[in-house]
Each structure stands twice: as structure tokens, then as C-alpha cells.
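Read the structure below first, then the notes.
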Amino acid sequence: MTGLEMLPKEYGYVVLIVALSGILNLWMVYQVVKARIKYNVRLPRLYALESENKDAKLFNCIQRGHQNTLEWMPLFLMLMAMGGIKHPIMSSVFGFIYVVARFFYFNGYSTGHPQKRLTVGVYNYMALVGLLLCTISCGLGFLLA
């Protein structure tokens, strides 16, 4: 007995969406590394200083788009894992919307015009609300069973 039989078969979709979010994160890391080279922002500096680098705002927007994604990642992963126990399909749909919206959030931010991050990227917040509701339902399901 592996313990996997305790989860619904459809939980595999949850796992695949989590993997997709990992691929997105690795792609963002690559974009930041490319920007570090292009705009000459050396580690350990997290952000470029505008007084020292004419491209500081553009680099900082790229870095900030990735950093913001990292800030939300623990919540996203926890909500995916928990909500997916009872609602694997619904959680996977919300998770997919989240990942796609995060891609557009990052691309919009990377233009150097931070307001563009919300054109399509705003849907990541709606997806998180959906995941939160799935997680609450899962918790209530345990308590009321």
C-alpha cells in the first residue's frame, strides 16, 4: 500500500499543475539571469540602482515580476495541495488559470511599465480565491464527515 489510493485518481492533475508552476518559475529565473547579463546587474544585488544604471527600471521590473511570483508561491502551492484533495478537477482548473495569468503578469511587468502586469495577470488573484474556496470546502468536509 503506497498511500496514493487515499487520494482521488484526478489528484494527478493537481500534481501536473504544480509541476507546470515549477516550469514557469524556472523560465522566470532564466529571464532574470538574461536580464542580469544584459543590464549588467551583478549578484548579490537584488535590484539595480537608478543612480548607477540607466536600465535600472527595466531590470527591476523583470526582477520584481519574478520576486512577486515567489512571494505568492507558498500560498498557491498550499491551496493547490489542500483544495485538490476534495476538488482535484476544480483546483486544477483554477491552478491552470493561475499559472497562465502569472505568465502574463510577468510578461506585462517585464515591459518596464508595471501597470501592464494586470492586463491579463489580474486573473491570478481570482484563481487564488477559487483555490481558497476549494481548500475551505475540503477542510469543512473533513470536519463534517
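Throughout, read-outs are computed from the coordinates displayed, never taken from laboratory work. Being a predicted model, the structure only gives us computed values, none of them experimental. Cβ placement follows ideal geometry from the backbone for every residue including glycine, while neighbour counts extend to all protein chains displayed.
For this structure, a couple of remarks:
- Nearest-0.05 FRET efficiency for L20 and A145, computed from C-beta distance (R0 25 Å): 0.20
- About the Cα centre, charge dipole magnitude for the chain (Lys/Arg +1, Asp/Glu -1 at Cβ), debye: 520 debye
- Selected from L16, L43, L79 as most flexible by GNM, with the chain as the system and alpha-carbon contacts under 10 Å: L43
- Calculated FRET efficiency for the pair W27/D55, C-beta based, R₀ 25 Å, to 0.05: 0.75
- Relative contact order [Cα under 8 Å, 6+ residues apart], the chain, whole percent: 26 percent
- Packing here is the average count of other Cβ atoms within 10 Å per residue, and on that basis the peptides 96-108, 66-78, highest first, run 96-108, 66-78.
- Gaussian network model of the chain, springs between alpha carbon atoms under 10 Å - residue of Q63, Q31, Q115 with greatest fluctuation: Q115
- Rg(Cα) / (2.2 N^0.38 Å) computed for the chain, rounded to two decimals: 1.23
- In the chain, the DSSP-assigned H stretches of four residues or longer account for a calculated mean residue ellipticity at 222 nm of -25500 deg cm²/dmol, using -39500 (n - 2.57) per stretch and the full residue count as denominator.
- Set of lysines with alpha-carbon distance to K38 below 26 Å, sequence-local pairs under 8 removed: K54, K57, K116
- Result for the chain in a Gaussian network model with C-alpha springs under 10 Å: among I23, I37, I89, the largest mean-square fluctuation is at I37.
- Extreme residue, positive dipole direction of the stretch 10-144, given options I85, C138, Y125 (C-beta unit charges): Y125
- Nitroxide proxy distance, nm - points 7 Å out along Cα→Cβ at N40 and V122: 3.9 nm
- Aspartates and glutamates with Cα under 12 Å of K86, excluding same-chain neighbours fewer than 8 positions away: E10
- Using θ = phi - 60° and Karplus 6.51 cos²θ - 1.76 cosθ + 1.60, couplings along the stretch 90-101 (whole Hz; Gly, Pro as x): 4, 4, 5, 5, 4, x, 5, 4, 4, 5, 5, 5
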